[in-house]
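The values are calculated or read from the model by the stated rules, or taken from the named source; none is laboratory data. In this text the structure is predicted, and so the values were computed from the model without any measurement. Cβ atoms come from the backbone with ideal geometry, glycine included; neighbour counts cover every protein chain shown. The area values use the complete protein model at the heavy-atom level, side chains included, leaving out ligands, DNA and RNA. Shrake-Rupley method; radii C 1.70, N 1.55, O 1.52, S 1.80 Å.
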Amino acid sequence: MFILSGPYNSSFLGKTLKELKEPVFVLPTETKMMVPYSGSYETVSHVACEDNKLLSSLEDSISFLTKQCPEHSSLKLANMFKDKFLFRTICKVGGLYNNFSFEKFDSPTIISASYIKNNPKVLKPTQGISSRNVVILKDITKDFELKDASKENPFLLEDYIPGIELAVDGYFDSSGKPVILNILQHDFFATSDVSDTLYWTTNSVVSDNYKEVLTLLENISEVFDGPKNFPFHMECRKSSITGEYIPIEINPLRFAGYGTCEIVHYAYNINPYESFFKELKPNWNEIVNNNDKSCYGFVCLNKELSHRKVFNMFDEVLEYRFIPKTSDANIIVFFRTNNLNQLKDKVRLLSNI
C-alpha cells in the first residue's frame, strides 16, 4: 500500500499508482497534494493493517502507523532507523562505525571551542528531515551554546566527515537483500552549507560507487537481521581521508522527498515505485555502459523566482514542479546538462550560499 501525504506534486506518481493498482491511503493534511490520480483514495480509518508492502511519500506515515498498525513488521525497524542515535549505536555494535564517534545530549550544554579545534563536528537533532537544525561546528572562535536539547528533543554531536556525500534510494527485498535504485551525489557550496539544494548523477557516479554502496547496505542488512520489503532513502559519506563509506542516516519507508526520487526515470528509465512493489532489480552493469555522457539531477529552491529566470539557469529542463510554500522547497527543477560546473556556479549565486 502507498501512504500519501502532502506536499507532493507528481503526475508521474499519479500515473504509476493507477497502473499498479496498489491501495492508496491519504493522511489528513492542510496542504493540497497535487497528485493527479484517477483511482480511489481510501480514508485512513479504513486502512488495512495486514503485513503487506508499504511505501510512503513522507515520514509522517510512521506516527500514523504507530497509532493504526502498531504490529506492522516495518514499524519497529522504521523507528530504529528514524532515531539517529539508536541507528548509530546499533551500527557501531555491528562494526560499521569503527572510525566514527558520536554522543547524545538531552539537556542544554556548552560545547567548547577548544574541543572543536582540529576536531570539526556536526550537531543535529536525533530525529528530523531536510537538514533542519543541522549545524557544522568547525573553526569556531567561541563556545557554542546548545540551548534546545532536552529528553524530548535530544541532539547528536558527531564527527564531521570530509568527502563527497551520496544519496541512495533502494529497498531490501523479500529475502533481505539490498536493491539500489539510484545513486546521486549531493553537492554543498561551503563547509557550513547543509542545504538540500543540488543532487545529480551520471553513469560514472553510479559505476564508481555501486560496489561499495552495495557492500555497505549488505552490512547494514546483516546488522539489522535482514530487513524485508523495506524501502529507504540513505545518505552516506565517502571519506576523503580513509575512502570508507559511512552511513549518515537511513530514512525509512520512503524514497527521496517530494518525488525527487523520480530523477531516475529520466536518467535511467527506472520507475522506483514500480521497482519496489514488483521487486524489480535494475541491471546496473547494462545501464551505465551506454553512451550517455549527460548529467541528470534536480535543484530544490525555496524562494520566489520568475519562470524565465529559473529556466535560463539550465541547458535543458526536464520537469518543473511547484510545491506549496509550507514545504522546505517551493520550486523543484529536474534537469539534464553537459556543463555541471557552470550550473553549480549559477545555483550557488541564486541560492546566496
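Per-residue answers, yes or no, for (1) within 21 Å of TYR266 (Cβ to Cβ); (2) of a type in the set (Phe, Trp, Tyr); (3) at pLDDT 90 or above; (4) surrounded by 14 or more Cβ atoms within 10 Å (Cβ to Cβ):
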position	(1), (2), (3), (4)
ASN290	yes, no, no, no
CYS295	yes, no, yes, yes
PHE298	yes, yes, yes, yes
ALA329	yes, no, no, yes
PHE334	yes, yes, yes, yes
ASN338	yes, no, yes, no
ILE353	no, no, no, yes
- Selection over segment 213-233 where residues are surrounded by fewer than 18 Cβ atoms within 10 Å (Cβ to Cβ) and within 15 Å of LEU184 (Cβ to Cβ) yields a count of 0
- Hey, could you check segment 124-141 for residues that are of a type in the set (A, V, I, L, M) and modelled with pLDDT of 85 or more and say which is farthest from the chain's Cα centre (by Cα)? LEU137
- Message: Of everything in segment 234-245, what is open to solvent by 10 Å² or more (accessible area, probe 1.4 Å) and either closer than 20 Å to ASP173 by Cα or among the aliphatic types (A, V, I, L, M) (or both)? Give them in sequence order.
- Response: GLU235, ILE241
- Restricting the search to segment 145-161, which residues are more than 30 Å from GLY243 (Cα to Cα), outside any loop (DSSP other than H, G, I, E, B) and hydrophobic (A, V, I, L, M, F, W, C)? LEU146
- Which helices (runs of 4 or more DSSP H) does segment 53-105 wholly contain that include 1 or more residues that are at pLDDT 80 or above and of a type in the set (Phe, Trp, Tyr)? 73-82, 84-93
- For segment 109-158, enumerate the residues that are at positive phi and touching a strand residue (DSSP E or B) at 6+ places or on another chain (Cβ under 6 Å). ASN133
- Note on the structure: Of (1) in contact (Cβ under 8 Å) with a residue 40 or more places away in the chain; (2) surrounded by fewer than 16 Cβ atoms within 10 Å (Cβ to Cβ); (3) among the acidic types (Asp, Glu), ASP143 fails just (1)
- Task: Search segment 93-118 for residues being without any contact (Cβ under 8 Å) to a residue 12 or more places away in the chain and of a type in the set (S, T, N, Q), and hand back the single one that is most open to solvent (accessible area, probe 1.4 Å).
- Result: ASN118
- Condition met for LYS278 (loosely packed, with under 15 Cβ neighbours inside 10 Å and modelled with pLDDT under 95): no
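Residue-wise test of (1) more than 19 Å from the chain's Cα centre (by Cα); (2) within 30 Å of LEU123 (Cα to Cα).
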site: ASN251; (1), (2): no, yes
site: TYR258; (1), (2): no, yes
site: ILE270; (1), (2): no, no
site: LEU280; (1), (2): yes, no
site: ASN285; (1), (2): yes, no
site: CYS295; (1), (2): yes, no
site: HIS307; (1), (2): yes, no
site: VAL310; (1), (2): yes, no
site: PHE322; (1), (2): yes, no
- Message: Only one of ILE180, ILE136, ILE164 is open to solvent by 40 Å² or more (accessible area, probe 1.4 Å) and assigned to a strand (DSSP E or B). Can you tell me which?
- Response: ILE164
- Query: Applying the selection to segment 66-78, what residues are touching a residue at least 40 places away in the same chain (Cβ under 8 Å) and either aliphatic (A, V, I, L, M) or open to solvent by 50 Å² or more (accessible area, probe 1.4 Å) (or both)?
  - Reply: SER73, LEU77, ALA78
- Pair list, Cβ under 8 Å, 6 or more apart: segment 208-227 residue more than 9 Å from PRO178 (Cβ to Cβ), other residue loosely packed, with under 15 Cβ neighbours inside 10 Å and of a type in the set (A, V, I, L, M): VAL223/VAL93
- Message: Would you confirm whether or not segment 221-241 contains a residue that is in contact with a helix residue (DSSP H, G or I) (Cβ under 9 Å, 6 or more places away or on another chain), within 19 Å of LEU340 (Cα to Cα) and of a type outside the set (Val, Ile, Thr)?
- Response: no
- Message: When the residues of segment 49-65 are narrowed to those that are over 12 Å from PRO231 (Cα atoms) and of a type in the set (Ser, Thr, Tyr), which ends up surrounded by the fewest Cβ atoms within 10 Å (Cβ to Cβ)?
- Response: SER63
- Item | Positions within segment 200-232 being closer than 23 Å to TYR266 by Cα, of a type outside the set (D, E, K, R) and part of a helix (DSSP H, G or I), in sequence order | ASN203, SER204, VAL205, VAL206, SER207, ASN209, TYR210, VAL213, LEU214
